[in-house]
1. Over the chain, average the accessible area per residue using a 1.4 Å probe and give it in Å², no decimals.
2. Taking a cut-off of 19 Å between Cα atoms, list the aspartates and glutamates near residue 212, but don't count ones fewer than 8 places away on the same chain.
3. How much of the accessible area of the chain, in percent, comes from carbon and sulfur atoms when a 1.4 Å probe is used?
4. For the chain, report the convex hull volume of the alpha-carbon atoms normalised per residue, in Å³, without decimals.
Amino acid sequence: MALIYIIEDDDSIREIEEFALMNAGHKVLGFNCAKDFYKKIEEVIPDLCLIDIMLPDENGNEIVRRLRRNSDTKYLPVIMVTAKTSELDLVKGIEDGADDYIKKPFSVMELISRVKALLRRTLADEVKELCLDGLIVNNAKHEVLLDGKSVELTYKEYELLSLFLVNKGIVLTREVIMDEVWGTDYEGETRTIDMHVKTLRQKLGEYGSRIKTIRNVGYVIE
């Protein structure tokens, strides 16, 4: 269960977000302005924030910039919620320090999925090393070692391997893998997963055989 703060001045939207996330097992606190949010975050820092861009007292982008300037909240996971859909607006939010964004209107399932994905990525990043015997993923150095020797992986291969190691022994469906590594808005074929798993297995040598295919379901690393 995560503690999530929502900064949204539209009461109906905020109530939907609160209800959905509480039903997903999270503890949620909502705020309709930046002032109240700042006051609360001085007392307790949450695990994640959902921040609307258009607020009555301060722009959501400025809130994110302030969070990133503060050493206590520099790495706080943030999802921007915006009615602005231009590429420039979305890029600006990411450049200001947001980790992800959701465009209004959005579905409850998309909201829960985005929050779950960011929390899982954050957990993986907090773990300095992910290990499977002689296979080591060093997140601090963004390095993969195979029995002490460095292995060159693409960005997606690295994310895929990290996802498998965070969930050792757990079968991951193709849908979960696609969501976690490629994102909910990816429009390519799920065949992409198979191709990346194939190249990852080749690069991992004998450890590649420990990535098992679960027919009609997905993959698991053992």
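The values are calculated or read from the model by the stated rules, or taken from the named source; none is laboratory data. Note that the structure is predicted; figures quoted are calculated from it, not measured. Surface areas here come from the heavy atoms of the whole protein model, side chains and all, with no ligands, DNA or RNA. Shrake-Rupley method; radii C 1.70, N 1.55, O 1.52, S 1.80 Å.
1. 54
2. 133, 157, 159, 175, 180, 194, 222
3. Whole-percent figure for carbon plus sulfur exposure: 51.
4. Dividing the Cα hull volume of the chain by its residues yields 135 Å³.
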